[in-house]
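One structure is given below, encoded as structure tokens.
The values are calculated or read from the model by the stated rules, or taken from the named source; none is laboratory data. This is a predicted model, so every value here is computed, not measured. Positions of Cβ are generated from backbone atoms using ideal geometry, with glycine treated the same way; all protein chains shown enter the neighbour counts.
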Amino acid sequence: MIPVRNVGNGLAVLRAWRLVVLEPQIDPSDHLDHAPVDAPPAQPAEHRALGRDLLVAAGDTGFWQGAIRDPDDPFRPGLRDRFVAGGVLTVDLLYGDQEGAQLTISRFILTREEEGHWRPVLARQWALEGPQP
């Protein structure tokens, strides 16, 4: 589950999601793992529609959660290995307003903390209509 907050003035409607298993990029100058957060998002049609729209009122909080149960799910390759190893997972959430406009993709990077919990961090946002944030 990823908590989300609507910082806009209107109703936010979460519509679709996409999970990506990322290989961390190694920067030899600092020897730290970096997730490739700047990779462009997939097209909206490549995202998986939510079973129901999740609404988040202006100034309020909500959540997103998804499941991958089918062994042939296209989001599944590499997921088990990355989950067990505690690697980097990326979730792109597609949302807009209640009229279907102002489509935006927010990228969350999930990393496993020492106690085993996954920590989501908002990494990037792309406005699919109008100027980029």
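Screening region 41-97 for residues that are small (Gly, Ala, Ser) and part of a strand (DSSP E or B) and picking the one that is farthest from the chain's Cα centre (by Cα) gives Gly51.
Tally the residues that are among the charged types (D, E, K, R) and under 11 Å from Val20 (Cα atoms), restricting the search to region 73-128.
First, the residues of region 73-128 that are among the charged types (D, E, K, R): 73, 76, 80-82, 92, 97, 99, 107, 112-115, 119, 124.
Filter once more, keeping what is under 11 Å from Val20 (Cα atoms): 76, 82, 92, 107.
Count: 4.
For region 70-121, filtering for residues that are within 21 Å of Ala57 (Cα to Cα) and among the aromatic types (Phe, Trp, Tyr) leaves 2.
Look through region 27-63, keep the residues that are within 24 Å of Arg76 (Cα to Cα) and at pLDDT below 75, and return whichever of them is surrounded by the most Cβ atoms within 10 Å (Cβ to Cβ). Before you say what the answer is, go through the steps one by one.
Just the residues of region 27-63 that are within 24 Å of Arg76 (Cα to Cα), to begin with: 33-54, 63.
If we keep only those that are at pLDDT below 75 as well, we get 33-38.
Details: Asp33: 13, His34: 12, Ala35: 20, Pro36: 14, Val37: 16, Asp38: 9.
Among those that are within 24 Å of Arg76 (Cα to Cα) and at pLDDT below 75, it is Ala35.
Per the conditions (1) at pLDDT 85 or above; (2) surrounded by 13 or more Cβ atoms within 10 Å (Cβ to Cβ); (3) in a loop (DSSP other than H, G, I, E, B), the sole criterion not satisfied by Leu14 is (3).
Within region 113-130, the set of residues being in a strand (DSSP E or B) and without any contact (Cβ under 8 Å) to a residue 40 or more places away in the chain comprises Trp118, Arg119, Val121, Leu122, Gln125, Ala127. Report yes if some residue within region 64-74 is exposed (fewer than 13 other Cβ atoms within 10 Å of the Cβ), closer than 19 Å to Arg112 by Cα and at pLDDT 85 or above; otherwise report no. Looking through region 64-74, at least one residue is exposed (fewer than 13 other Cβ atoms within 10 Å of the Cβ), closer than 19 Å to Arg112 by Cα and at pLDDT 85 or above.
Looking only at region 97-133, count how many residues are of a type in the set (Asp, Glu) and closer than 21 Å to Phe83 by Cα. Please lay out each step first, then the result.
Residues of region 97-133 that are of a type in the set (Asp, Glu), as a first pass: 97, 99, 113-115, 129.
Restricting the remaining residues to those that are closer than 21 Å to Phe83 by Cα gives 113-115.
Summing the residues that are of a type in the set (Asp, Glu) and closer than 21 Å to Phe83 by Cα in region 97-133 gives 3.
In a residue-by-residue description of region 87-104, the property of being under 20 Å from Met1 (Cβ atoms), among the hydrophobic types (A, V, I, L, M, F, W, C), out of contact with any strand residue (DSSP E or B) (no Cβ under 6 Å at 6 or more places or on another chain) and modelled with pLDDT of 90 or more applies to no position.
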